[in-house]
Amino acid sequence: MFPADNLDHYRILSSMLAPALLMAATGSLLISANNRLARVVDRLRSLVGQLDGSSPQHRPELELQISRHRVRSKHVLRACVMLYVSLGCFVGTSLALAVDAFSGFRLGLAPTVLAVAGVLGLLLASFFLTLEVVLAVRNFSAELDLEMTRRGRKD
């Protein structure tokens with residue numbers, strides 16, 4: 001059944017805007033997360049390249065750095081997966097709102113459940129990105145300490 005008047009169309013379109021705004025925010029986070037993943041992958045490739053020509057005494061240090069960056073990459077990957085799930089949920093929410101309106105509001109809680117699932121996905125993605133940032137700073141600090149020790153200085 002179609003909405004009775006133009007006001008109903010505006011209400012439906014207005015209700016579909018909230019998921020669209022969340023989709024835009026999720027897209028921005030996805031761009032950021034994918035850039036972070038690319039940087040981690042580049043750093044891992046660099047470390048693996050250094051590993052091949054490294055002296056036996058520096059090998060354990062490089063292997064530790066590689067291990068830390070692998071953990072970082074897993075956190076970013078989990079964040080990306082959660083962001084893609086969220087994006088799908090927000091698209092589903094928007095479509096469910098339209099279908100619900102045209103079906104005479106028979107979907108019940110489906111649009112709300114999809115929206116909540118999307119927001120929970122954003123929350124989890126934020127958690128994983130936070131873990132990754134913390135690890136990035138710790139890794140950078142450890143690398144600086146190592147380099148300063150190699151050069152005979154300690155700050």
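Structural remarks
- Candidates 60, 19, 111: whichever shows maximal mean-square fluctuation once the chain is modelled as a Gaussian network with Cα springs under 10 Å: 60
- Coupling constants for segment 50-63 follow from the phi torsions by the Karplus curve (6.51 cos²θ - 1.76 cosθ + 1.60, θ = phi - 60°), and in residue order they are 5, 4, 4, x, 7, 6, x, 6, 8, 4, x, 5, 5, 5 Hz; glycine and proline get x.
- Cβ-Cβ distance of residue 41 and residue 21, R₀ of 30 Å, FRET efficiency by 1/(1 + (r/R0)^6): the value works out to about 0.45.
- Note on the chain: GNM, Cα springs under 10 Å; of 47, 87, 122, the largest mean-square fluctuation is that of 47.
- At 0.692 mPa s and 37 °C, Stokes diffusion of the chain via Kirkwood alpha-carbon radius, µm² per second: 178
- Base-10 log of normalised Debye intensity for segment 59-114 (one unit scatterer per alpha-carbon) at q = 0.12 Å⁻¹: -0.48
- From the alpha carbon centroid of segment 13-87 to that of segment 123-137 is 10 Å.
- Evaluated at q = 0.13, 0.21, 0.27 Å⁻¹: base-10 log I(q)/I(0), Debye formula over Cα of segment 1-79: -0.59, -0.92, -1.14
No value in this document is a laboratory result; all are computed from the given coordinates. Only a predicted model underlies this, so the values are computations on that prediction, with no experimental measurement involved. All Cβ positions, even for glycine, are placed from backbone atoms using ideal geometry, and neighbour counts span all protein chains on display.
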